[in-house]
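**Q** Could you have a look at this structure, given as structure tokens, before my questions?
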Amino acid sequence: MDKKEKIEMIAMVANDVNRAFCEGIGDPVPAAWEEASEEIKESSRNGVAFVLDNPDVSPEQSHENWMKFKTEHGWKYGPVKDEKKKEHPDLVPYDELPKNQKAKDFIFRAVVKSMWKGL
């Protein structure tokens, strides 16, 4: 399996883990990988590659990378996630995120690093 295939697999698993986390905390549950838009998939792949290319990345830096990707693709802050309007409530500095949203950055990083070691 080449690096691109590994990134794809890790992104799919990270998406599933995020879905489970969102369900567990009562957040809206994102689409399954197979149903997600190509932009959402690319955002996840970008996040995986960023962690792999920067093994000592902090959760804050991972969040900043995610925000950069989103804003470059026309997203802006909005009180509720709305893919049609390209609005997201987490498009704020890391220190302004609620604790449960910060946890997503820790979990994402852990999934990427653990899976990379196992592939």
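Bear in mind that the values in this text are calculations on the coordinates, not laboratory data. None of the values given here were measured: they were computed from a predicted structure. For neighbour counting, all protein chains shown are included, and Cβ atoms are generated from backbone atoms with ideal geometry for every residue, glycine included.
**Q** Towards the positive end of the charge dipole of the chain, with charges on Cβ (+1 Lys, Arg; -1 Asp, Glu), say which of Thr71, Ile7, His88 has the farthest Cα.
**A** Ile7
**Q** Here is a follow-up. Lys and Arg at +1, Asp and Glu at -1: add these up for the other residues within a Cβ distance under 9 Å of Gln101 and post the number. List each step's numbers first, then the result.
**A** Values: positive: Lys99, Lys102, Lys104; negative: Asp27, Asp90, Asp105.
Local net charge: 0.
**Q** Name the residues of the stretch 28-46 whose amide N is less than 20 Å from a point 7 angstrom out from the Cα of Asp16 along the C-beta direction?
**A** Within reach of a label on Asp16, which here means backbone N under 20 Å from a point 7 Å along Cα→Cβ, the stretch 28-46 contributes 29-38, 40-46.
**Q** Relative to the present Cα-Cα distance, how much length would full extension add between Trp116 and Lys4 at 0.36 nm per residue of separation?
**A** Numbers: separation 112, 0.36 × 112 = 40.32 nm, distance 1.19 nm.
Value of the extension gain: 39.1 nm.
**Q** Here's a follow-up. Work out how much length His73 to Lys86 would gain on full extension: take 0.36 nm times their residue separation and subtract the Cα-Cα distance, in nm to one decimal. Spell out each step's value before the answer.
**A** Details: separation 13, 0.36 × 13 = 4.68 nm, distance 0.86 nm.
Between His73 and Lys86, full extension yields 3.8 nm more.
**Q** Give me the angle, in degrees from 0 to 90, between the Cα long axis of helix 99-118 and the longest principal axis of the Cα atoms of the chain, rounded to the nearest 10.
**A** 20
**Q** Rounded if a/c is under 1.5, else prolate if a/b is larger than b/c, else oblate: which is the stretch 3-118, with a ≥ b ≥ c the root eigenvalues of its Cα gyration tensor?
**A** Details: a/c = 1.40, a/b = 1.28, b/c = 1.09.
Judged from the Cα gyration tensor, the stretch 3-118 comes out rounded (a/c under 1.5).
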